[in-house]
Structures are given as C-alpha cells and as structure tokens.
Amino acid sequence: MSETTVTLVGNVATNVEYRDTATGGVARFRFAVSARRWDRERAVWTDGPTSFYTVSAWRALAVNLAASVSVGEPLVVHGRLKIREEELDGRRKTFVDVAATAVGHDLTRGTAAFRRAVRAVREVRETPASAPPPTGEGDWGKRDERAGVVRPIGVPGKALDGASDDVPDPWRVGGDPPVVSAS
C-alpha cells in the first residue's frame, strides 16, 4: 500500500492530550508550521503563512510525547499524512492530520537531554544456565533466541544502564504491552 509520508518542522501549538484506550495510549496535539523566508528588501527573516496539523501518536510514542512535550517547543514530526473533509455548520472543511511514527525536538533551535524510557515487563524468562552467552561483536544489538532477550548495542561487557548486559524483550514474553498513565 502506498502512503504519503511527511516530515514537518515547527512548534507545538496546543497541550498534548493523552488518553488510555483498550489498544494502548493515544496522544494528540496541534502543530504549527511556518515557512521562513529571507526578505531581501528589509534584509531580515520573515514568517510566511502558518499551516496547522493535528498530530496523533499511539502506544509508547504517545506516552513519551505526553511526558516530554509542551506548548511552544520546536519539534520535527515524521509520519503518514491524512487529509479528510467534513461538513461542519453547513460548510465543507478540510483537515490535515499526521499519524506520527517518530517525533523529536528540533536540535537546530536548542538542546535536549535524552532519557531512555524504562518499560515494565510482565514476565521475564531467565537465561538457562546451560546456554552459553553469545560471543563476538556480531551478536550485539541482535535478538538472542535462546534466552528471549535483546542484547544492547554497545561494547561487550558494558551495559548501557550499568546493570545486566541482557535487556528483556517485552515483545517476546507475550501478552499485552503494559499500560502507562500520564498522571
């Protein structure tokens, strides 16, 4: 299926609304994108017309958006473009939505400090004592099927968080992903 993907650079225009649903969390906010142009006559940058988009995100991205983003912050949003028309008050209106697949702060306009989200896991399967650990550089960042874990990308023997080198794979242990509220 062919979908239109877009990457938008702009500012958060409204608070992020987060809701838990039966299929996982969903977050939504309005996003303002203004074209900047160089005005040769006045020798200054000026803003062109502003376009507004409704950005939606689901599951882990929704939770992380609700915890990380506030009004006015510059973002880069990547996702699937959806255009819909509705009739409101007897007039036909066009809405432009983006189903976000990735969102990040625009680092050309400031700095950010990334914190890896910790996922709760319902069940962790232990590595059998008889199973030898993966060896060599090629095993890092790959799924270890014997143990049901994902090896973190990094230097062998150096865990990313200072704890164990093995990170449980929440998608392998089964069941629904954990529900995290934004309260």
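The values are calculated or read from the model by the stated rules, or taken from the named source; none is laboratory data. Note that the structure is a prediction, hence the values are computed from the model and not measured. Cβ coordinates were reconstructed from backbone atoms using ideal geometry, including for glycine residues, and neighbour counts include every protein chain displayed. The area values use the complete protein model at the heavy-atom level, side chains included, leaving out ligands, DNA and RNA. Shrake-Rupley method; radii C 1.70, N 1.55, O 1.52, S 1.80 Å.
Looking at ARG19, ARG37, ARG59, just one residue is surrounded by 10 or more Cβ atoms within 10 Å (Cβ to Cβ), more than 16 Å from LEU81 (Cβ to Cβ), among the charged types (D, E, K, R) and in contact (Cβ under 8 Å) with a residue 24 or more places away in the chain, and that residue is ARG59. Screening region 40-52 for residues that are in contact with a strand residue (DSSP E or B) (Cβ under 9 Å, 6 or more places away or on another chain) and open to solvent by 40 Å² or more (accessible area, probe 1.4 Å) and picking the one that is farthest from VAL77 (Cα to Cα) gives VAL44. Reported count of residues in region 77-89, each being assigned to a strand (DSSP E or B) and either open to solvent by 80 Å² or more (accessible area, probe 1.4 Å) or modelled with pLDDT under 90 (or both), is 6. Evaluated against (1) open to solvent by less than 50 Å² (accessible area, probe 1.4 Å); (2) in contact with a Phe, Trp or Tyr (Cβ under 8 Å, 6 or more places away or on another chain), PRO74 falls short on exactly one condition, (2). Just wondering, is there one or more residues in region 47-69 that are in a loop (DSSP other than H, G, I, E, B) and within 17 Å of the chain's Cα centre (by Cα)? Yes. Among the residues making up region 22-34, those that are open to solvent by less than 40 Å² (accessible area, probe 1.4 Å) and not aromatic (Phe, Trp, Tyr) are GLY24, GLY25, VAL26, ALA27, ALA32, VAL33. Of everything in region 90-139 that is of a type in the set (Ser, Thr, Tyr) and modelled with pLDDT of 55 or more, the residue that is surrounded by the fewest Cβ atoms within 10 Å (Cβ to Cβ) is THR111.
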